[in-house]
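Colleague: Below you'll find the structure I mean.
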There are 2 protein chains.
Amino acid sequence: MKHPKNKKESTKDRIIDAAKMLFADQGYLKTTIADISKQAELSEAALYEYFQGKEDLLLAIPDMWVSELIEDLERQLFGIKGAVNKLRKYLWWYFRRVEESPLDAKIVYFFLKTNANFMQTEVYSNVKVLYAYLLEIFEEGKRTGEMRSHINPSIARNIFIGTMEHIITLWLLRDRKYSLFENLEETFDLLVSAFTTRENDPALPVRTLLAEATQTPSGIKHGNEA
Amino acid sequence: MKHPKNKKESTKDRIIDAAKMLFADQGYLKTTIADISKQAELSEAALYEYFQGKEDLLLAIPDMWVSELIEDLERQLFGIKGAVNKLRKYLWWYFRRVEESPLDAKIVYFFLKTNANFMQTEVYSNVKVLYAYLLEIFEEGKRTGEMRSHINPSIARNIFIGTMEHIITLWLLRDRKYSLFENLEETFDLLVSAFTTRENDPALPVRTLLAEATQTPSGIKHGNEA
DNA sequence: TTAATTTCCGAATAACATTAGGTCTTTTTA
DNA sequence: TAAAAAGACCTAATGTTATTCGGAAATTAA
């Protein structure tokens with residue numbers, strides 16, 4: 001059915017690109033079908049051959065992006081050992097994808113949830129897949145002892161996702177004037193220190209502290225713990 | 001100017017209440033001025049005596065709510081000693097306010113950021129005030145030694161706010177079928193364990209071991225407010 | 001080459017937000 | 001108190017936008 005004329009971008013893609021740019025730039029409301037079709041060099045009526053309407057067009061954008069993400073994620077995590085390492089990879093991977101596709105990200109974070117029936121959409125179930133990976137990671141960490149045994153995976157996931165989303169939202173609101181990766185290392189360490197057992201906490205290695213403490217001149221009382 | 005006929009709700013309030021309900025229920029887009037004015041028992045034209053337009057009306061809602069929050073927050077935190085206690089109060093207070101005014105919260109979290117010029121609005125600067133309190137709390141915690149000395153307050157704030165917002169957003173998306181306070185205790189403990197020095201971590205009292213081994217380092221005055 | 005199909009467009013249509021212009025009521029003021 | 005001013009409200013335009021209609025041009029299939 002689809003015969004991609006490689007010489008030029010397909011019409012559908014042109015529409016999507018135009019819409020993506022305009023939605024992200026001016027917002028969904030202020031962007032008119034006339035704007036989009038002008039940018040895509042097409043009549044307004046023709047646009048309706050490709051999308052059922054403005055809302056359908058909006059939904060199509062995150063739909064594609066999130067699908068790509070899902071496919072990529074599996075490959076990215078493949079072969080990585082350990083829950084903390086997976087968590088780290090997840091974070092760096094996702095931030096890179098967001099930095100590479102800020103328009104998609106903006107549409108996802110700003111215009112998707114407003115849709116009222118967003119919960120019933122294809123995109124939402126795909127987002128849940130992305131989140132489910134995190135749950136698995138926390139469950140693995142718990143199982144292997146890398147993370148605290150009494151941790152609640154879904155709570156940990158809330159904290160992790162919430163933090164990610166907030167950082168991204170701020171970055172988008174501030175017109176992405178800085179790098180998303182600024183302070184990321186520190187943020188990750190802080191998060192991990194909440195989840196992991198102490199031995200695995202790189203930010204505050206207790207073993208080392210203990211060792212230091214027992215060496216400090218004033219501190220030696222009774223080193224009854226080891 | 002204002003002569004509040006106490007016998008009935010003022011017209012302006014009626015409009016705001018109608019808009020709040022309809023926006024939160026159907027979304028900003030699907031709600032028409034006709035809907036709102038019908039609900040408020042008013043002609044469409046009359047509505048424009050009170051608000052410049054649909055967008056102005058939308059903005060008015062969080063504007064009022066956030067102003068109230070700011071005024072309340074100061075009183076709520078007044079007299080509470082210790083950064084962790086303040087943090088806890090902040091969280092419980094805010095969640096209660098959200099649970100009491102879910103429609104306002106929904107408008108804030110779902111329809112405000114989409115506004116493109118949201119950054120220039122009155123509401124945004126007020127939201128920043130709310131967030132600034134958190135920064136102060138983390139700085140205080142750092143200063144008093146209640147929290148880790150190497151913590152970055154703005155990173156801690158990101159984690160805290162991100163987590164809050166994510167929990168609230170989920171709750172709203174799921175039609176608030178459960179209590180916002182479900183698992184809150186556990187979530188808070190997990191967060192605090194990332195921020196605090198070990199002695200204040202009730203979940204995993206590793207530091208008590210250390211404290212036994214050494215004396216409290218550098219004369220930390222831990223307010224024993226737990 | 002002809003029929004079918006796809007791609008596209010100009011011109012309606014319809015749903016809205018917003019304005020204009022006016023009536024009726026309440027408040028002010030002289 | 002009576003006239004004037006201000007306020008609250010309305011019906012009926014007006015203008016903007018999304019969406020649909022009916023058909024033309026271009027492409028593909030036979």
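The values are calculated or read from the model by the stated rules, or taken from the named source; none is laboratory data. These numbers were taken from a predicted model, which means no experiment stands behind them. Positions of Cβ are generated from backbone atoms using ideal geometry, with glycine treated the same way; all protein chains shown enter the neighbour counts.
Colleague: Take region B:12-34 and flag every residue that is within 8 Å of DNA strand C (Cβ to nearest atom), buried (at least 18 other Cβ atoms within 10 Å of the Cβ) and not in a loop (DSSP other than H, G, I, E, B).
Modeller: Correct list: empty.
Colleague: Among all residue pairs at least 6 apart or on different chains, which show Cβ distances below 9 Å where the first residue, located in region B:22-37, is facing chain A (nearest Cβ under 10 Å) and the second is among the hydroxyl-bearing types (S, T, Y) and part of a helix (DSSP H, G or I)?
Modeller: B:G27/A:T114; B:Y28/A:T114; B:Y28/B:T114; B:L29/A:T114
Colleague: Tally up the residues in region A:146-160 that are within 16 Å of A:Y133 (Cβ to Cβ) and surrounded by 19 or more Cβ atoms within 10 Å (Cβ to Cβ), please.
Modeller: First, the residues of region A:146-160 that are within 16 Å of A:Y133 (Cβ to Cβ): A:147, A:153-154, A:156-160.
Checking the rest, the ones that are also surrounded by 19 or more Cβ atoms within 10 Å (Cβ to Cβ) come to A:147, A:156-160.
Residues meeting the conditions: 6.
Colleague: If you don't mind, another one. Determine which single condition B:A105 fails, assuming it passes every other condition in (1) buried (at least 20 other Cβ atoms within 10 Å of the Cβ); (2) within 15 Å of the chain's Cα centre (by Cα); (3) within 12 Å of chain A (Cβ to nearest Cβ).
Modeller: Of (1) buried (at least 20 other Cβ atoms within 10 Å of the Cβ); (2) within 15 Å of the chain's Cα centre (by Cα); (3) within 12 Å of chain A (Cβ to nearest Cβ), only one is false for B:A105: (3).
Colleague: What are the residue pairs meeting all of these: first residue in region A:43-66, first residue more than 18 Å from A:D104 (Cβ to Cβ), second residue of a type in the set (A, V, I, L, M) and surrounded by fewer than 13 Cβ atoms within 10 Å (Cβ to Cβ), Cβ atoms under 7 Å, and 6 or more apart or on different chains?
Modeller: That search, which allows pairs on different chains as well, returns A:E44/A:A34.
Colleague: Still on this structure, please answer the following. Is it the case that region B:2-15 has a residue that's closer than 27 Å to A:F110 by Cβ and outside the structural domain of B:R148 (by TED's automatic domain parsing)?
Modeller: First, the residues of region B:2-15 that are closer than 27 Å to A:F110 by Cβ: B:15.
Those still in the list that are outside the structural domain of B:R148 (by TED's automatic domain parsing) too: B:15.
Scanning region B:2-15, I find at least one residue that is closer than 27 Å to A:F110 by Cβ and outside the structural domain of B:R148 (by TED's automatic domain parsing), so the answer is yes.
Colleague: Counting just the residues of region A:9-24 that are closer than 14 Å to A:D56 by Cα and hydrophobic (A, V, I, L, M, F, W, C), which one comes out nearest to the chain's Cα centre (by Cα)? Don't jump to the end; show me each part of the working.
Modeller: Within region A:9-24, the subset closer than 14 Å to A:D56 by Cα is A:12, A:15-16, A:19-20, A:23.
Among the residues that remain, those that are also hydrophobic (A, V, I, L, M, F, W, C) are: A:15-16, A:19, A:23.
On the way: A:I15: 25, A:I16: 21, A:A19: 22, A:F23: 20 Å.
Taking the candidates together, the pick is A:F23.
Colleague: Taking region A:118-145 as the region of interest, how many residues are within 16 Å of A:L91 (Cβ to Cβ) and buried (at least 19 other Cβ atoms within 10 Å of the Cβ)?
Modeller: Total meeting the criteria: 4.
Colleague: If you don't mind, another one. I need the full set of residues from region A:97-113 which are without any contact (Cβ under 8 Å) to a residue 60 or more places away in the chain and either under 20 Å from A:M147 (Cβ atoms) or part of a helix (DSSP H, G or I) (or both), in order please. Please lay out each step first, then the result.
Modeller: Pass one, region A:97-113, residues without any contact (Cβ under 8 Å) to a residue 60 or more places away in the chain: A:97, A:100-101, A:108, A:112-113.
Matches in region A:97-113: A:R97, A:E100, A:V108, A:L112, A:K113.
Colleague: Do we have A:S43 as within 11 Å of DNA strand D (Cβ to nearest atom), surrounded by 15 or more Cβ atoms within 10 Å (Cβ to Cβ) and small (G, A, S) here? Lay out the reasoning, then the answer.
Modeller: On the way: within 11 Å of DNA strand D (Cβ to nearest atom): yes; surrounded by 15 or more Cβ atoms within 10 Å (Cβ to Cβ): no; small (G, A, S): yes.
So A:S43 fails the test.
Colleague: Let me ask another. Given the conditions (1) under 26 Å from the mean Cα position of the chain (by Cα); (2) within 14 Å of DNA strand C (Cβ to nearest atom), and given that A:Y50 satisfies all but one, which numbered condition is not satisfied?
Modeller: Just one mismatch for A:Y50, condition (1).
Colleague: Now, a different point. Out of contact with any strand residue (DSSP E or B) (no Cβ under 6 Å at 6 or more places or on another chain), more than 19 Å from B:R97 (Cβ to Cβ), at the interface with chain A (Cβ under 7 Å from one of its Cβ atoms) and free of Cβ contacts under 8 Å to residues at least 40 places away in the same chain: does that describe B:I161? Even if it seems obvious, please write down each step before you answer.
Modeller: On the way: out of contact with any strand residue (DSSP E or B) (no Cβ under 6 Å at 6 or more places or on another chain): yes; more than 19 Å from B:R97 (Cβ to Cβ): no; at the interface with chain A (Cβ under 7 Å from one of its Cβ atoms): yes; free of Cβ contacts under 8 Å to residues at least 40 places away in the same chain: yes.
Against the criterion (out of contact with any strand residue (DSSP E or B) (no Cβ under 6 Å at 6 or more places or on another chain), more than 19 Å from B:R97 (Cβ to Cβ), at the interface with chain A (Cβ under 7 Å from one of its Cβ atoms) and free of Cβ contacts under 8 Å to residues at least 40 places away in the same chain), B:I161 does not qualify.
Colleague: Only one residue in A:L73, A:L87, A:L57, A:L91 is within 10 Å of DNA strand D (Cβ to nearest atom), at pLDDT 95 or above and either within 14 Å of another protein chain (Cβ to nearest Cβ) or surrounded by 18 or more Cβ atoms within 10 Å (Cβ to Cβ) (or both), so which one is that?
Modeller: Result: A:L57 is the single residue among A:L73, A:L87, A:L57, A:L91 that is within 10 Å of DNA strand D (Cβ to nearest atom), at pLDDT 95 or above and either within 14 Å of another protein chain (Cβ to nearest Cβ) or surrounded by 18 or more Cβ atoms within 10 Å (Cβ to Cβ) (or both).
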